[in-house]
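Undergrad: Encoded as structure tokens, here's the structure I'll be asking about.
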């Protein structure tokens, strides 16, 4: 099962909003083949493992998630497993969708296949925290990322911010950009930093680029608008304030997609609209206003705060979060399920609402 | 020599402003005895090692610092070593005082003793970073300690600060209080937190308690004034503003010692005055104003910034440092020679002006 989990990880960034799944076929203590779900819409892990094997009869199939039993983009895996005369099926965890959970297992058992469930279940759930959340709550998994000085700032008073964290920490951010379906920033971050928000590591795909810009203050002067050949840049804006001419120009000339909302809709409503584009997970990269909103609405699942041993010592520098006013330490936000990452002389506080870390 | 260094550490907190020194006597690959400098004014490590041995003739003496060659509070160690018919003397590092450095070695060599120098020299220097600084610069070794939230605050807007860091981090602070001769805080910290600044760990001694209170705003209502049976509380204040009546009351009724300064004296002048009380090292525990002053005057040798995974998110909360206004990231204070300490889910950035960590 460990090998199956490692196989699953090879799909990082390419299968969303499908789950990461890995499979291993074993007979007489020998591995016959391995397989993983490689790309959204492509064959499932079980199919790949079975087609990679020369024989399958009497074999044991290890798979990290309950095999599907329905026709979707591909035919049901259970049928293929039964046809392949596999003797035993070891499954890490059930399908999280309550409508289908257990059905695949029932089909396998009905066909006389021995089924074992729950091997390395925790690891398999951690592997697909994003998928499980998206299936259950129908809003994207939200992961906050900030790089700060020791005194909690993301930029100097005049918005200089390059670079606070070191290259090792920034490499980790690249991994996050490859792992999550989308990256979200506020309009001020676009204006101050003019980021591309692409994945610079070769072999990786670009995330969807989401700009939270309720007053539509950005225009075609920025990289994120200009470099949109993959048509993955979205602007999220309030209907009321929208400059119609600019809207049409960005949509027509730069292929920007718009997600609009009205005054009576909140951040959660916006996330629901984002999820309708099959964006199952978002890396929120700031700035201050955006991070503060996600804290205010308690709408994050986890995050990583990276700290460099630098000090600005300036009350007018830009804090990574603001707009709260706790009167005692016990009313501070307490981050839970902490994992501490070391990046040479920078550190990262990785935190989660629920137990278990993402496999990034 | 490793054993000698471990011996030396047993003197932690009791020998200042003397150095930590350990010694081991060896003959035919067997340890005859060990010794360390136990208490300020007491016998030196070499004397203890020699008096703990039944025979000394033909032995090798390992000692972490060059043996003294002059009459101070005790007779010169070189004399005793020569008298004891020791054959060989292995020394980790020379005496840092340029007036006597090398003299002890010369006396030993003149008496026909083989002398080897420089074994584990780096470790021996780290052991006595405080002593070396004090001897060379005649001002105390300054170590800054702050406990902050992830957003760089030491207290909420209304000065609630208990507790930001966890118990493991606070245990480390106890170790620092035992290691350094003095602890320094600003008057505001006394007023807001009413700390005792004593060492709570049994077997440890209390540090000198120094209050930087230029306007003499504290009075006899605070623990640090009331609990002064050891007469180790000092107030550092500006002559000009001093309330004479309060001054006399604190001095007479509470045995508070005063260190005064005038408008034309700076922080370094104050440190010189403190050093005249044989206070060789100071743990600066804040608050914000005091920490900022030491940064402004660039008068610290090292420190530890402890961070808890808590967030206040309030621009009006109390920052650990302020009054600077860098315009770009490259003009931030960069902390050097970082060592990262883990305290469960809290972390500490230990930093030093020069290479090498304190042995705390």
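Undergrad: Out of every Cα-Cα pair in the range A:88-175, what percent are more than 20 Å apart?
TA: The share of Cα pairs beyond 20 Å in the range A:88-175 comes to 59 percent.
Undergrad: Based only on Cα atoms, what Rg/Rh ratio does the range B:20-120 have, Rh being taken as Kirkwood's radius? Present the calculation step by step, with values, prior to reporting the outcome.
TA: Details: Rg = 12.2 Å, Rh = 13.2 Å.
We get a ratio of 0.92 for the range B:20-120.
Undergrad: Please report the Cα spread of chain A along all three principal axes, rounded to whole Å, starting with the longest.
TA: The Cα atoms of chain A stretch 69, 46, 38 Å along the principal axes, largest first.
Undergrad: Relative to the compact-globule scaling 2.2 N^0.38 Å, provide the ratio for the alpha-carbon radius of gyration of the range B:229-303.
TA: Working: Rg = 13.5 Å, N = 75, 2.2 N^0.38 = 11.3 Å.
Taking N as the residue count of the range B:229-303, the ratio is 1.19.
Undergrad: Would you mind giving the average projected area, over all directions, of the Cα convex hull of the range A:253-340 in nm² with one decimal?
TA: That works out to 9.6 nm², a quarter of the Cα hull's surface.
Undergrad: Related question: Quick one: length gained pulling residue B:231 to residue B:101 fully straight, 0.36 nm per residue minus the C-alpha distance? Don't jump to the answer; show the numbers that get you there.
TA: Values: separation 130, 0.36 × 130 = 46.80 nm, distance 3.52 nm.
Between residue B:231 and residue B:101, full extension yields an extra 43.3 nm.
Undergrad: Another question, then. Cα centroid distance between the range A:100-115 and the range B:41-91, in Å?
TA: Their Cα centres are 82 Å away from one another.
Undergrad: Okay, next question. Note down the Stokes-Einstein diffusion coefficient of the range B:245-287 in µm²/s, whole number, using a Kirkwood radius over alpha carbon pairs, 10 °C, and 1.306 mPa s.
TA: Values: Rh = 12.2 Å.
For these conditions, the coefficient is 130 µm²/s.
Undergrad: Ranked highest first by the average count of other Cβ atoms within 10 Å around their residues, in what order do A:338-350, B:253-265 fall?
TA: For the peptides A:338-350, B:253-265, the packing ranking is A:338-350, B:253-265.
Undergrad: Ratio of the range A:183-315's C-alpha Rg to 2.2 N^0.38 Å, to two decimals? Could you put the intermediate results ahead of the total?
TA: Details: Rg = 15.3 Å, N = 133, 2.2 N^0.38 = 14.1 Å.
Compared with the compact-globule rule of thumb, the range A:183-315 sits at 1.08.
Undergrad: Output the Cα-based Rg and Dmax of the range A:212-259 in Å, rounding Rg to one decimal and Dmax to a whole number.
TA: Considering the range A:212-259 through its Cα atoms, Rg and Dmax are 9.7, 29 Å.
Undergrad: Limiting things to C-alpha atoms, what are the Rg and the maximum Cα-Cα separation (Dmax) for the range B:280-330, in angstroms?
TA: In Å, with Rg to one decimal and Dmax whole: 12.9, 38.
Undergrad: How many Cβ atoms of partner chains, on average, are near each residue of A:143-153 if near means within 10 Å of its Cβ?
TA: Rounded to a whole number, the mean comes out at 5.
Undergrad: Mind grabbing the base-10 log of I(q)/I(0) for the range A:102-145 at q = 0.15, 0.20, 0.29 Å⁻¹? Debye formula, identical points on the C-alpha positions, no solvent, two decimal places.
TA: These q points yield log10 I(q)/I(0) values of -0.57, -0.79, -0.97.
Undergrad: Two decimals is fine: what's Rg over Rh for the range A:1-70, C-alpha atoms, Kirkwood radius as Rh?
TA: 0.97
Undergrad: Closest beta-carbon to the A-to-B rotation axis: which chain A residue owns it, and what is the separation in whole Å?
TA: Residue nearest the A-to-B axis, with distance in whole Å: A:152, 2.
Undergrad: Suppose you put the label 7 Å out from Cα in the Cβ direction; list, shortest first and in nm with one decimal, how far residue B:121 is from each other copy's label.
TA: Counterpart label points of residue B:121 in the remaining copies fall at 6.2 nm.
Undergrad: Let me ask something additional. Mind ranking B:69-75, B:246-252, B:315-321 by how tightly packed they are, going by the mean number of other C-beta atoms within 10 angstrom, highest first?
TA: Top of the packing list down: B:315-321, B:246-252, B:69-75.
Undergrad: Let me ask another. In percent, how large is the relative contact order of the range B:27-149, given Cα pairs closer than 8 Å and 6 or more residues apart?
TA: In percent, rounded to a whole number, it is 19.
Undergrad: For residue A:219, go 7 angstrom from Cα along the Cα-to-Cβ vector, then report the distances to that same point in the other copies in nm, smallest first.
TA: 6.4
Undergrad: Kirkwood Rh over Cα pairs of the protein assembly as shown into Stokes-Einstein at 37 °C, 0.692 mPa s: D in µm²/s?
TA: So the translational diffusion coefficient is about 109 µm²/s.
Undergrad: Compute the relative contact order of chain A as a whole-number percentage, counting only Cα pairs closer than 8 Å that sit 6 or more residues apart in sequence.
TA: Computed over chain A, the figure is 17 percent.
Undergrad: Take every residue in peptide B:335-347, count the Cβ atoms of other chains within 10 Å of its Cβ, and give the average of those counts.
TA: Taking the mean over all residues of the peptide, I get 4.
Undergrad: How high is the relative contact order of the range A:36-81? Use alpha-carbon pairs under 8 Å, at least six apart in sequence, and give a whole percent.
TA: That works out to 36 percent.
Undergrad: For q values of 0.17 Å⁻¹, compute log₁₀ I(q)/I(0) with the Debye formula on a Cα-only model of the range B:40-186, without solvent.
TA: Debye intensities relative to I(0), on a log10 scale: -0.99.
Undergrad: Next up: Across peptide A:315-324, what mean number of C-beta atoms from other chains lies inside 10 Å of a residue's C-beta?
TA: If you average over the peptide's residues, the count of other-chain Cβ atoms is 6.
Undergrad: Have a look at the range B:133-241 and give its Rg and Dmax from the Cα atoms, expressed in angstrom.
TA: Rg then Dmax for the range B:133-241, in Å: 14.9, 42.
Undergrad: Residue A:360 label points, 7 Å along Cα→Cβ, one per copy: pairwise distances from this copy to the rest in nm, shortest first?
TA: Those separations, rounded to one decimal, come out as 3.5 nm.
Undergrad: Let me ask something else. Once a ≥ b ≥ c are taken as the square roots of the eigenvalues of the Cα gyration tensor of the range A:63-108, is the result rounded (a/c under 1.5), prolate (a/b larger than b/c) or oblate (a/b not larger than b/c)?
TA: Here the range A:63-108 falls in the oblate category.
Undergrad: Another question, if that's okay. With just the Cα atoms defining each centre, how far is the range B:127-146 from the range B:278-319? Give it in Å.
TA: Centre-to-centre (Cα) distance: 17 Å.
Undergrad: Go through A:3-16, A:225-238 and give me the packing order, highest mean Cβ count within 10 Å leading.
TA: A:3-16, A:225-238
No lab work stands behind these numbers, since they all come straight from the coordinates. Everything quoted here is computed from the prediction, not taken from an experiment. We place every Cβ from the backbone using ideal geometry, glycine too, and count neighbours over all the protein chains shown.
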